[in-house]
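The values are calculated or read from the model by the stated rules, or taken from the named source; none is laboratory data. Only a predicted model underlies this, so the values are computations on that prediction, with no experimental measurement involved. FYI the Cβ positions are ideal-geometry reconstructions off the backbone, even for glycines, and counts take in every protein chain you see.
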Amino acid sequence: MNVGLSKEKIIVIVGPTAVGKTDLAIFLAEKLNSEIISADSRYLYRGMTIGTAKPPKAILEKIPHHLIDVANPDETWSLGKFLGEVNKAIKNIHQHDKLPILVGGTGQYIRALLQGWAPPQIAADSGLRAVLENWLSQYPKEELKKKLAILDPESAQSLDIRNMRRVVRAFEVMYKSGQRYSHLRKIQETNYEFFEIGLTLPREILYQRVDERINAMIKAGFIEEVRKLKDAGYSRDLPSFSAIGYRELMDVIENKITLMEAIVSMRRKTRILIRRQSNWFRIDDPQIHWFTADENYESAVLQTIQQWLHIV
């Protein structure tokens, strides 16, 4: 169905892990002649499929998807690179008179696009970064936040201090430029018109879904997937291995912990992730149209989007 859309319109689907974002995106893509763009940092990497819950191969072949399996696990994707590639994908989709659907749980990626962030164009310095990582890792999180606040109070408030890679990048940019990271990360006016859909479910249901998903991943061969990555020479210290489950199962393979201990850790970390995601996508955000992802809710979402697109 050709919706006759303007070239600025984009649907955005947000919400916590295991709420059903992918299923809704697929449903809408089939109804609206759309293509899907992943805004999930875990989906970027080849060979990391089971543990990241990527859509099945049959779905990827049926509905065009973008920014899935576009990098090897040892390739680093900065926020700036993501924004460059996502803008290319949006332009390509619009040129084919289709509607882009951006879906994913990586809050920083989504907010950066919606708010027109322009990350600092300062090349990474591996030597400096290694020194900073060694230095900053010595401090507790609260002490680290205080140090960042001395140099850049705004970044100390906006950055997730638990994300060491982002914190190191902020210090790296400041040391190389002599300017505050927050001042260099500019905001530009965006040419896109976004329609944000938020999905929610009671926390206990999400936790149950997480437990079921982890069990299903193990049965589907998650351990074998991690073993292949290890045998291919990929290090557990790579940023891509921060995806929940990969380092835990590496420990299982190396006989450091039991499988049950790994599963317990994966469950705990995913619960923490769900709580963090709620900070990116707040239920009181007036820009987000929230839906409870219960039985047959998809039709209500579709109707709301059709009204926005002026489809009778």
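Brief remarks on what is shown
- Checked across the range 45-57, the condition of being assigned to a loop (DSSP other than H, G, I, E, B), over 22 Å from Gln277 (Cβ atoms) and hydrophobic (A, V, I, L, M, F, W, C) holds for no residue.
- Here Asp160, Asp69, Asp97 are screened, and the one residue that is under 26 Å from Arg236 (Cα atoms), in contact (Cβ under 8 Å) with a residue 60 or more places away in the chain and not in a helix (DSSP H, G or I) is Asp160.
- Residue within the range 250-259 that is within 18 Å of Lys21 (Cα to Cα) and assigned by TED's automatic domain parsing to the domain that holds Tyr45 present: no
- The single residue among Ile218, Ile197 that is within 23 Å of the chain's Cα centre (by Cα), closer than 25 Å to Gly116 by Cα and modelled with pLDDT of 95 or more turns out to be Ile197.
- Count - residues of the range 51-77 that are surrounded by fewer than 14 Cβ atoms within 10 Å (Cβ to Cβ) and either assigned by TED's automatic domain parsing to the domain that holds Arg169 or farther than 25 Å from Gly20 by Cα (or both): 1
- Complete set of residues in the range 100-131 that are touching a residue at least 24 places away in the same chain (Cβ under 8 Å), assigned to a loop (DSSP other than H, G, I, E, B) and over 14 Å from Glu196 (Cβ atoms): Thr106, Gly116, Pro119, Pro120, Gln121, Ile122, Ala124, Asp125
- Boolean, Leu148 is assigned by TED's automatic domain parsing to the domain that holds Gly15 and either in a strand (DSSP E or B) or free of Cβ contacts under 8 Å to residues at least 60 places away in the same chain (or both): no
- When Ile283, Ile274, Ile244 are screened for being in a helix (DSSP H, G or I) and of a type in the set (A, V, I, L, M), only Ile274 passes.
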